[in-house]
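Participant: My questions all concern the structure below.
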Amino acid sequence: MAQLQILCPLQPGTQERWRRLCQAVDGSRRDQFEATCRQAGVSQVQIWLKQTLRGELLLATLDIEEPQEMLHDLAISKRPFERWLREQIQPLLGWDLQDVQSDPQCDLVFDWSSKSG
């Protein structure tokens with residue numbers, strides 16, 4: 001099981017919209033959300049909103065089997081719930097989920113563990 005973490009600054013004035021989206025997903029759309037998570041191999045989702053001196057941040061953590069596959073599926077899915085979720089998330093993030101897919105490679109610039117000594 002992998003963990004996908006997304007940390008990004010909130011677009012100005014979107015904190016309440018994020019809260020309403022999370023309430024909708026946890027309320028009236030919970031069954032659809034759970035079905036999507038099961039299908040994508042997601043076992044846990046946590047979303048935090050954090051106020052800092054320089055603005056607000058969003059931190060999303062997902063425990064998931066295949067992070068890149070899930071992002072790709074969400075970015076292109078034509079299924080009604082995933083399309084609705086994407087349409088809600090993208091304006092709040094300020095970037096297109098498909099942009100993540102264009103270059104899935106990352107440069108690990110530091111890695112430390114007490115086990116590596």
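Participant: Consider region 11-43. How many of its residues are open to solvent by 80 Å² or more (accessible area, probe 1.4 Å) and out of contact with any helix residue (DSSP H, G or I) (no Cβ under 7 Å at 6 or more places or on another chain)?
Facilitator: Adding up the residues that qualify gives 12.
Participant: Considering every residue within region 21-39, establish whether at least one is part of a strand (DSSP E or B), more than 16 Å from Ile89 (Cα to Cα) and at pLDDT below 95.
Facilitator: Within region 21-39, not a single residue is part of a strand (DSSP E or B), more than 16 Å from Ile89 (Cα to Cα) and at pLDDT below 95.
Participant: I would also like to ask the following. Any idea which of (1) farther than 17 Å from Gln5 by Cβ; (2) under 15 Å from the mean Cα position of the chain (by Cα); (3) modelled with pLDDT of 90 or more is the one Gln101 doesn't satisfy?
Facilitator: Just one mismatch for Gln101, condition (3).
Participant: Next question. Between a residue in region 7-30 that is over 14 Å from Trp84 (Cβ atoms) and hydroxyl-bearing (Ser, Thr, Tyr) and any residue that is in a helix (DSSP H, G or I) and open to solvent by less than 40 Å² (accessible area, probe 1.4 Å), which pairs come within a Cβ distance under 8 Å, given they are 6 or more apart or on different chains?
Facilitator: These pairs meet every condition: Thr14/Leu92.
Participant: Of Leu74, Leu93, Leu58, which residue is aliphatic (A, V, I, L, M), more than 17 Å from Asp26 (Cα to Cα) and out of contact with any helix residue (DSSP H, G or I) (no Cβ under 9 Å at 6 or more places or on another chain)?
Facilitator: Leu93
Participant: Among residues belonging to region 50-78 that are within 12 Å of Leu10 (Cβ to Cβ) and polar (S, T, N, Q), point out the one that is most open to solvent (accessible area, probe 1.4 Å).
Facilitator: Filtering first and then ranking leaves Gln51.
The values are calculated or read from the model by the stated rules, or taken from the named source; none is laboratory data. Keep in mind that this is a model prediction, so the values were computed, not measured. Don't worry about glycine lacking a Cβ; one is built from the backbone with ideal geometry, like all the others, and counts go over all protein chains shown. Protein only, heavy atoms only, side chains kept; ligands, DNA and RNA dropped before computing areas. Shrake-Rupley method; radii C 1.70, N 1.55, O 1.52, S 1.80 Å.
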